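The values are calculated or read from the model by the stated rules, or taken from the named source; none is laboratory data. Quantities reported herein were computed from a predicted structural model and do not represent experimental measurements. When we count neighbours, we look across all protein chains shown, and the Cβ atoms used for this are built from the backbone with ideal geometry, even at glycine.
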Amino acid sequence: MLVAPDLSYHRPSDPGAVGELLLALGPEARLLAGGTDLVVQLRQGRDVPRHLVDVGGIDTLVDVEVGPAGVRIPANARIADVVRVLRRNASHEALSEAGVCVGSMQIQNRATIVGNVCNASPAADTVPALLVHGAVVEVAGPQPRLEPLETFLRGPGRTSLGPGEWVSAVQLPPPSPGRGGSAYVKLGRTRGVDLALVGVACRLGAEGARLAFASVGPTAVLLDLPGDVAAEPPEELGDVIATRIHPIDDVRASAAYRAGMAVPLAREAWSAAYARLRSLGAG
């Protein structure tokens, strides 16, 4: 049963009306796309908004676009559909692997990449993968802009969105010259739908290495290691990671356990990414 007796429902028919609605309704309005997180909050009576703006009926926000400029993932693109497109194009492997880690198959067929981003959970599986691939957030509203994902995320449940602003899409640049290899590795308490105790995405390419971590800080943590890449990460990787992550104790794991697992998981992700790099003849 939804705990939202005073909730008003709005269903705009085109993207231009979304920002106008959000601006008119004010801070007590929430956007609905996949709704896999929001509906749970409504059922539990947590952070119940006064207004719900449903963008699910806007057809122009559905299809994933792949072209010379890269990949554009619009607000209504389901995670399962994004995974299928990326696998078909053999690109951005870390994101397709992270996508299949999000909840169950039923969740993946309902949840959206944009929703996963805007929920701003430090444990989100897709965010580290998006970060290593250089994702940019397409912010619509009074003053449309493009913003790097690493600055868009401000803390647990917090983003840089202002009044009347919403995310219409997430953009991924095309692979760099020589392409590259990427992977996502997740540690959870179960093999299925559990949140990440630690998640690590890695991308290796001509520009060097990028690593991003889930569940070890208030937002996903991104590390850039420029230079040539080898089959094994540098010996100082553990020291670098230790200075950048800030895990906490919670009901799922201790801070010490998360810190202890971050390095071996990073090495595992590096190994998988390097194998893909070599398979492309780019390493």
Go through (1) farther than 20 Å from Ala120 by Cβ; (2) surrounded by fewer than 20 Cβ atoms within 10 Å (Cβ to Cβ); (3) in contact with a helix residue (DSSP H, G or I) (Cβ under 9 Å, 6 or more places away or on another chain) and name the single condition Ile241 misses. (2)
Please state which of the following conditions Asn89 fails to meet, knowing it meets all the rest: (1) under 29 Å from Gly164 (Cα atoms); (2) free of Cβ contacts under 8 Å to residues at least 60 places away in the same chain. (1)
Strands (runs of 3 or more DSSP E) within the range 184-283 that include 3 or more residues assigned by TED's automatic domain parsing to the domain that holds Glu97, modelled with pLDDT under 95 and of a type in the set (Val, Ile, Thr): none
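So that you can scan it fast, the table gives a plain yes or no per residue for (1) more than 19 Å from Ala201 (Cβ to Cβ); (2) at pLDDT below 95; (3) more than 13 Å from the chain's Cα centre (by Cα):
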position	(1), (2), (3)
Leu42	yes, yes, yes
Arg50	yes, yes, yes
Gly56	yes, yes, yes
Asp63	yes, yes, yes
Val66	yes, yes, yes
Val102	no, yes, no
Val132	no, no, no
Val139	yes, no, yes
Pro148	no, no, no
Counting only residues that are surrounded by fewer than 20 Cβ atoms within 10 Å (Cβ to Cβ) and aromatic (Phe, Trp, Tyr), how many does the range 181-233 have? 0
Give the residues of the range 254-263 that are free of Cβ contacts under 8 Å to residues at least 60 places away in the same chain and surrounded by 15 or more Cβ atoms within 10 Å (Cβ to Cβ), sorted by residue number. Ala259, Val263
Residues that are touching a Lys or Arg at 6+ places or on another chain (Cβ under 7 Å) and farther than 19 Å from Ala33 by Cβ, drawn from the range 127-179: Val132, His133
